[in-house]
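Below: one structure, written as structure tokens.
Please treat every number below as a calculation from the coordinates, not as lab data. The structure displayed is predicted, hence computed values, not measured ones. FYI the Cβ positions are ideal-geometry reconstructions off the backbone, even for glycines, and counts take in every protein chain you see.
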Amino acid sequence: MKKVVIGIALVIFVPYLIVTLFVKTPEDDIIHFQFAKNQIVRVKREKTGQIENVPLEDYVCGVLSGEMPVSFELEALKAQAVAARSYVLKKIEQNQKQDYDVVDTVSNQVYLSDEELKEKWKDEYTEKINKLKTAVLETEGEYIAYNGQVAEAFFFSTSTGKTENCSEVFVQDLPYLRSVDSSWDQDVSPVFSTTTDLSLSDFYTKLNIPYQDDLAVEVTNATSTGRVKELKINDKVFKASDITSNFNLRSTFFSIEKVGSNVHFSVKGFGHGVGMSQYGALAMAKKGYQYSEILTYYYQGVQIQKI
């Protein structure tokens, strides 16, 4: 009888032990992923389809050149460097089993190689690249973490005066991506407020709805800061993204009104509004804030850690 019991126990326990010790779930892979100082980023170049292996800090420098004006204050550039490094580390973590980590466009982060920068900047290359390399070197290996994990370091150009709660823009509800005041964007950003006009007939054509002399616009769903999520135009419902894509608007914080035979758009901000405002970072840097203070302001409750 004892032999039978022991046999049954072995049949049950041994497979369990094997699964527990040797079989990993995708979540296990992510949790136990270790970054290294000589980390390589697999960058897919969208124009050629080729995948390039780029050292992490070189990649961050290339992103800095593509995502933020070199004329910005050094502390703003340093904040951007840490945000860009955090963003790509998260992508490396998530895409371990994929062929590449990121693409080189706004789909992820705009990345420019050293050769592209030499062609772009010509005689100004040395001065500009040295400034960017200073921002990268002075933050080498640093990333944003929340509860010990790499944070989703979203960033964008210009706020509407406030940043957005992540849950109101994206599917995820991340506690460190909360709406904060960023009213200083208005003082420094050339795209804080923009307008667009077109004829009423063109407006209807782009939206593929019948022409009417009257125009009725009703916002049916918005974020807590006032960004449009959904609206009704002459009884037809649209997502805000339908409007921004059709009319090349810079953000979903917009209003629409009929002026004579034209349609007038008033738009605030540039980008999705979640995370760090780049022009907000510039304004804070101009006020004397350090890059660490900028980051911990826009990303609530995070820590800056180092590989």
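Quick notes on this structure:
- Burial ranking of peptide ranges 276-282, 128-134, 159-165, 289-295 (average Cβ count within 10 Å, highest at the top): 276-282, 159-165, 289-295, 128-134
- Chain lengthening between Asp114 and Val70 when straightened (0.36 nm per residue, less Cα-Cα): 14.4 nm
- Counting neighbouring beta carbons within 10 Å and listing from fewest to most, the residues Lys122, Lys44 come out as Lys122, Lys44.
- Taking other Cβ atoms within 10 Å as a rough exposure proxy, Leu137, Leu64, Leu231 sort from fewest to most as Leu137, Leu231, Leu64.
- Cα gyration tensor, region 268-307 - rounded (a/c under 1.5), prolate or oblate: oblate
- Computed over neighbours whose Cβ is under 9 Å from that of Ser251, the net charge equals +3, Lys and Arg +1, Asp and Glu -1.
- Extended-chain gain in nm, criterion 0.36 nm per residue less alpha-carbon gap, Ser107 and Lys133: 7.0 nm
- Cross-link pairs Lys206/Lys268; Lys128/Lys268; Lys90/Lys232; Lys78/Lys239 - those with Cα-Cα distance over 27 Å: Lys128/Lys268; Lys90/Lys232; Lys78/Lys239
- A prolate overall shape is assigned to region 180-307, the ratio a/c of its alpha-carbon gyration tensor axes (a ≥ b ≥ c) being 1.5 or greater and a/b exceeding b/c.
- Total formal charge among the other residues, if their Cβ is under 12 angstrom from that of Arg178, Lys/Arg +1 and Asp/Glu -1: -3
- Region 57-150: relative contact order in percent, alpha carbon pairs under 8 Å with at least 6 residues between: 44
- Take the Cβ atoms of Lys306 and Glu124, set R0 to 35 Å, and the FRET efficiency comes out at 0.65.
- Cα gyration tensor shape for the chain, rounded if a/c is under 1.5, else prolate or oblate: oblate
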